[in-house]
1. Return the residue satisfying two criteria in turn: it lies in segment A:117-151 and is more than 7 Å from every other protein chain (Cβ to nearest Cβ) and outside any helix (DSSP H, G or I), and of such residues it is farthest from D:W498 (Cα to Cα).
2. Which of the numbered conditions does D:P175 fail, given that it passes all the others? Conditions: (1) under 17 Å from D:Q438 (Cα atoms); (2) more than 7 Å from chain A (Cβ to nearest Cβ); (3) touching a Phe, Trp or Tyr at 6+ places or on another chain (Cβ under 7 Å).
3. Taking only segment C:85-111 into account, find how many residues are over 10 Å from the mean Cα position of the chain (by Cα), closer than 22 Å to D:T490 by Cα and assigned to a helix (DSSP H, G or I).
4. Within segment B:59-111, restricting attention to residues that are touching a residue at least 60 places away in the same chain (Cβ under 8 Å) and part of a helix (DSSP H, G or I), which residue is nearest to A:I229 (Cα to Cα)?
5. Look at C:D16 and say whether it is in contact (Cβ under 8 Å) with a residue 40 or more places away in the chain, acidic (D, E) and over 24 Å from D:F262 (Cα atoms).
6. Name the single residue that is nearest to the other protein chains (Cβ to nearest Cβ) among those in segment A:176-188 being more than 20 Å from A:T225 (Cβ to Cβ) and touching a residue at least 40 places away in the same chain (Cβ under 8 Å).
7. Name every residue in segment D:183-206 that is within 11 Å of chain A (Cβ to nearest Cβ) and crowded, with 24+ Cβ neighbours inside 10 Å, in order of residue number.
8. Of the residues in segment D:499-527, how many are assigned to a loop (DSSP other than H, G, I, E, B) and more than 14 Å from D:T237 (Cβ to Cβ)?
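The values are calculated or read from the model by the stated rules, or taken from the named source; none is laboratory data. Everything numeric in this text was worked out from a predicted model, so none of it was measured. Neighbour counts run over all protein chains shown; Cβ positions are idealised from the backbone, glycine included.
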Amino acid sequence: MKILLPLFVVVALVVIAFAGAQANLQAFFGIVVPYAAVAVFILGFIVRALKWGSSPVPFRIPTTAGQMKSFAPWIKQNKIDNPSSRLGVFARMALEVLVFRSLFRNTKTELHDGPKLVYGSEKFLWLAGLAFHWSFLIIFVRHFRFFMQDVPFVIKIMESLDSFLQIGAPLLYLTDVVLVGAVTYLFLRRVVMPQIKFISLPADYFPLFLILGIALSGILMRYFTKVHIVGVKGLVMGLLSFSPVIPEGIGSIFYVHLFLVSVLLVYFPMSKLMHMGGVFLSPTRNMANNNREVRHINPWNYPVHVHTYEEYENDFREKMKKAGLPVEKE
Amino acid sequence: MKNAGTIVIVVVVGFVAFFGFPFYYNIGKANEAPKLKFDTPAILEWEKVNGKKECVEPKEFMRGEHMQLLNQWRDSVVRNGDRVYVNSQGRSFTMSFQNTCMNCHSNKKDFCDKCHNYLGVKPYCWGCHIAPKEKQS
Amino acid sequence: MATLDFQGKQIEVDDDGYLMNLDDWTKDLAVHLAQQDSLELTEAHWEVINFLRDYYKQYQIAPMIKILVKEIGKAMGPEKGNTKYLYELYPAGPAKQACRYAGLPKPTGCV
Amino acid sequence: MAKVTTPKPAELVTSIDLKPSGKEWMDTPAEIKPGTFCWGAKAKNLNIVEFPNARDWNPSEEDWKLPENWQEIFLTGMKNLLDKYRSFKVFMDICVRCGACADKCHFFIGSGDPKNMPVLRAELLRSVYRRYFTTSGKLLGKTAGGRELTIDVLKELWYYFYQCTECRRCSLFCPYGIDTAEITLMGRELMNLLGLNTDWISGPVANCYMKGNHLGLEPHAIMNSIEGMIDDIETITGIRINPSFNRKGAEILFVTPSGDLFADPGTFTCMGYLMLFHELGLDYTWSTYASEGGNFGFFTSNEMAKRLNSKIYAEAKRLGVKWIIGGECGHMWRVLTQYMDTWNGPADFLEVPVSPITGTRFDTSRSTKMIHITEFTADLIKNGKLKLDPSRNDDLIVTYHDSCNTSRGMGLLEEPRYIIENVCNHFHEMPENTIREQTFCCGSGTGLNASENMELRMRGGFPRANAVKFVKDRHGVNMLANICAIDRATLSASMDYWVPGVRVTGVHEMVANALVMKGEKERETNLRGEPLPGKEGN
């Protein structure tokens, strides 16, 4: 059920958009929905960031993953995994965000007879995650050719690199293949691996199906059913210049694609997909391990009721004197 | 990043820088769909003889599938030596990029390049073929 | 709160059966608790129990086994000042078992 | 008082299945099994520290005697914590359930209980968060992963938040650094609003608050215990040591976990400190008021931790010392590193620590003014200030267990190793996936080192013990060194259970055995009173 429900929802979304385009609701699906979705995305993202930001970071709690900066240079610090400076933190975050450093450490625990615990290398999640995120980003940026008059050189270069194998016509984008492969892997591991299946929620399957839907509708458009691509760019450019038009003859499949993207944008700020923003705010990663050098201030620090030395001595004065301990009051 | 204000500023700046790129890139640029020209001497001649402007296949088909068709022609000619194309109406054409396609569409700048530049797609036709001399009336 | 019925009295004990109040303890109770474990308290057992109670009164804590061993060695002779001897007396562990008979709270060990 | 029996190692291992199956976790209430939980907190202990809803209760009974409005208390408390900790809020929101953490937890590896996967432990609370604090959860409920806060859910939260040792191993592997320790801290804080602490934690907390240390050692008991050690040191070395207590005007205050004062093998480590400081002629003092380096308050609530921790700086100020050395302890050092200065600083009445022996200035502690004893000793050895005879430890084949907190909450990895390599001749590392930042918990941290939950402890200790077994089989390792008082107590139990024949030692016990002291007699035995290698015949 937790797999089927999100699948039905995505299928329903496809049907809705397709039927809408067939029923001449292009203006709704091509103009109203995308505008609304982008607005919800941006506002939602900001609201979520505000919510996070409104809670302070009372303590400096980095997870240290290597030797700390020691009192003497003869003990070598791991400056990236246990950073003590801003530069180190920047490097750690950059590695984390760009190449998924922590996930790269991943291992797989197996219990053998003996009993013997074995920790094997497990890089597939890292690889699939990296493949998925990077191909998604490249595909997104590649789409800028539809968003810009006089397509800039960088975008063109990116496109030609992405299609450098020159397979078929239109040329096959490698990222299309990689994305579908990676999403499929990420889905399959949630079905096949017992631990992952057990922890998965509908909210884990839904974005996978949605993104797969987006990818497949895009692929269908580019390689198979074809849409009036000049018309598509006209529509997008109209939206971007706030003078939207609905050009004639864009195929319905385009509206399915656009609608699924819109749903993704709306869904994004209220879901786990916000890890895109949250990763930057994780106090175990974005702080330097320099607690003993530089005092961290807790904005809500408040005085607490303590048991003072005076009270302690009052409790034990006789015993202390008998044991020969110095006391403040005789 | 200690407070909400900083975070929101970072988020907004990030959005503006990244997602906003197309917006300010487009500022001051005319937003016009490409207009193709079908006024080469060869096309006008064809219109005079046949009473209409037409290609080897209908316009809608050519718009979406011309790249496949060109690939198909190339394979047919280069690999099989077969130079005759029979179209969906049963009419025959010589499969030749240079002598058939570019004969009519001798205005690369006002035909091919218009859409290809608009959409940022670089065809690899011109890696082998020499672009024709621009001809239009 | 768990209780223990003994000689018509309700005695409060903790989850592991240790007395909540040192003052509830009597020699008869110690004998009774030992009987439940099918153990008969001999003079040697009492030596341990008495030392535990004295130590607790002075320090408000059960002694480390090391201290217990030393003290028993002093009282009963060096050949009995060892852990093995104490385990013979109290098979379930001198600290835990003897403390329970002595009416002390459960020893904490390291925290 | 039903006796809880712990299964034999072989039985325990066969019961582990790391591939969860069966019903959805949301629909499966926790079964509170004997041997896997600690007794509930006693009213008298909670009252001492003025905690709410103090009462005697038993987790294995149906009725937990909760206050009428427990849901309201819990949810208000949760809102409060979400507003106070960005970590909590972000960690509630951004988990993608990738599962990288799943098999990194020692409790999951040792039990196969799917709710011990860190992701799921957090989801137990996250489901409540979604239901009451997110729009989608309020509207869609279970479909959006939300869950009503029922009594069964509360019991489940209690059960599993006291099956986490806040070791942060999961956090190391999480792509977003989500730290289950942080979530468990919050969870336990909420439990404490309802009086749902455990006896093993609340007892030491009350002790520490009133008497200065977890064990409840009163001033004369501390002195008596140390005098016993001094007697033993004299027997072994012929040297009479005369440490000071509560002495004003000493240069250095020394604080160590009270476990070192009152339980073997911690006491041998404590003898090590005494001998080392005596040999150096260090101008230092012990305190009976600040006689606890560890902090069970940290396993209770942030406020309680701060209340207990305050004694260290207060006492340093009262005694007028210049700086502080801290002994071998794990969680103590996470607290001292990441919390103490923020809570109870600035320690501007102290000076930046400078070793009076070597002149080394410990600039990395220039704000907290407190250094770890292995930093102090490593510096001494590097500067050739100690005369060491490592062959006195030749009967030991040593491996080293990194404490969770000193490795993942600090990064103190090389200092203890440098010392070990200089005080013994046979040192072998455990497999790399089980040491340094990837180290496994002893299985009983965060106040789980009671006796009624022995099965849980042995399960949690399985990964660590298994790695020890590996080096025992390969190199004949017979001694497990560490720098943590809880380790010394709990690993002793888990070695006896899983890897009989391996004993446990603090690093400074080995230092003191190797330390050639001025004017000492020829030693016949080590600190444990056992014949030194080559002296067995005597």
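1. My answer is A:K123.
2. (2)
3. Residues in segment C:85-111 being over 10 Å from the mean Cα position of the chain (by Cα), closer than 22 Å to D:T490 by Cα and assigned to a helix (DSSP H, G or I): 1 in total.
4. B:D110
5. So C:D16 fails the test.
6. A:L186
7. Hit for segment D:183-206 is D:L185, nothing else.
8. So the answer is 4.
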